[in-house]
Amino acid sequence: MAHSDPIGTALERLRNGDVVAMPTETVYGLAGDALNPLAIRRIYALKGRPAGHPVIVHLGPDADPRQWGAISPVAQSLIDEFWPGPLTLIVPRHPRVPDEVTGGRSSVGIRMPSHPVAQDLLTAFGSGLAAPSANRFGRISPTRAAHVRAEFSDELYVIDGGPCAVGVESTIVDTTGDTPAILRSGSVLEASVTAIVGPLGASTTVAPGTLKSHYAPMTSLRISREPEAEAQRLEAAGLTVAVFAAPELTEHAQQLYAELRRLDALGVDVLVAEPAADEGLGVAINDRLSRAAHGFSTSQS
């Protein structure tokens, strides 16, 4: 049943320590009060997320990021250029940030989403919301409200903000070391980051969405640069196959998770996905596809 005041309904639940699903420009997030350890534990329980895996704190457009972590000149330059938007910064945590958010680490991930519904909710809430993707841990991320409802049924209140405009998770940049480093690719491209901060380094900091197996369908997934030929080979071996051909990059990112979910529901034996061109936004798309295919008997042809 639709609520006449979805923001108000969500606020009431969040202030009671509950968890709701909110839209962002990247994917839908499973949001809870980032200063309430019980709310964070509820997020972990709903997702089936391993303990010690950090979550990202989402901030409203009027928020002061220094209330959450130490902002270096490098971090500030990235904030000035890319916030609000699909860029997460790893910064040294503020003492008030619960261990449940950081996985007990000395750093915290923060970002300021550009989705107007997320901004309205965060502004009204007046504090940060921890919001990992609103799906069971390791499964396909949601980019529609219907995806969240399919995953959690009536367990969760969902704010419907329409399809996500970006469609893949935020770029994550670690600013805690001497040289900034990209931990996860996204729609804020490496070239755009280096244009602001110069050459990038490496980092071993743990970040969300960087496990080898992630974003995975239930159906076996193979990646092939010749998807139709691969499908024919598999069909000749007696398998049923669905093909995911790569569209233009922006559309590919927007449709990636929705199409994987649609194909996963067909009940075939194997999905064959064509990778994107390995440049620009295609780097993030191919990163997600490779993690989704990890653990299956994949082929790269």
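The values are calculated or read from the model by the stated rules, or taken from the named source; none is laboratory data. On a predicted model such as this, the values are computed, not experimentally measured, just so you know. FYI the Cβ positions are ideal-geometry reconstructions off the backbone, even for glycines, and counts take in every protein chain you see. The accessibility values were calculated without ligands, DNA or RNA, using every heavy atom of the protein model including side chains. Shrake-Rupley method; radii C 1.70, N 1.55, O 1.52, S 1.80 Å.
Taking the accessible area of the chain, probe 1.4 Å, and keeping the other protein chains in place, the carbon and sulfur fraction comes to 50%. What the stretch 1-50 shows is 42 Å² of accessible area per residue, with the surface traced by a 1.4 Å probe over protein heavy atoms. Coupling constants for the stretch 53-58 follow from the phi torsions by the Karplus curve (6.51 cos²θ - 1.76 cosθ + 1.60, θ = phi - 60°), and in residue order they are 8, x, 10, 8, 8, 9 Hz; glycine and proline get x. Charge dipole of the chain (Cα centre as origin; +1 on each Lys and Arg Cβ, -1 on each Asp and Glu Cβ, all else neutral): 900 debye, rounded to the nearest 20. Packing order of peptides 250-263, 233-246, 138-151, highest average first: 138-151, 250-263, 233-246 (average count of other Cβ atoms within 10 Å over each peptide's residues). Relative to the longest principal axis of the Cα atoms of the chain, the long axis of helix 37-47 makes an angle of roughly 10 degrees. Specify which residue in the list THR219, VAL188, LEU249 is farthest towards the positive end of the charge dipole of the stretch 170-287, using unit charges on the beta carbon of Lys, Arg (+1) and Asp, Glu (-1), about the Cα centre. The residue sitting most towards the positive pole is THR219. For ARG139, nonlocal amide neighbours, meaning residues 5 or more places apart or on other chains whose placed amide H falls under 5 Å from its own, are TYR215, ALA216.
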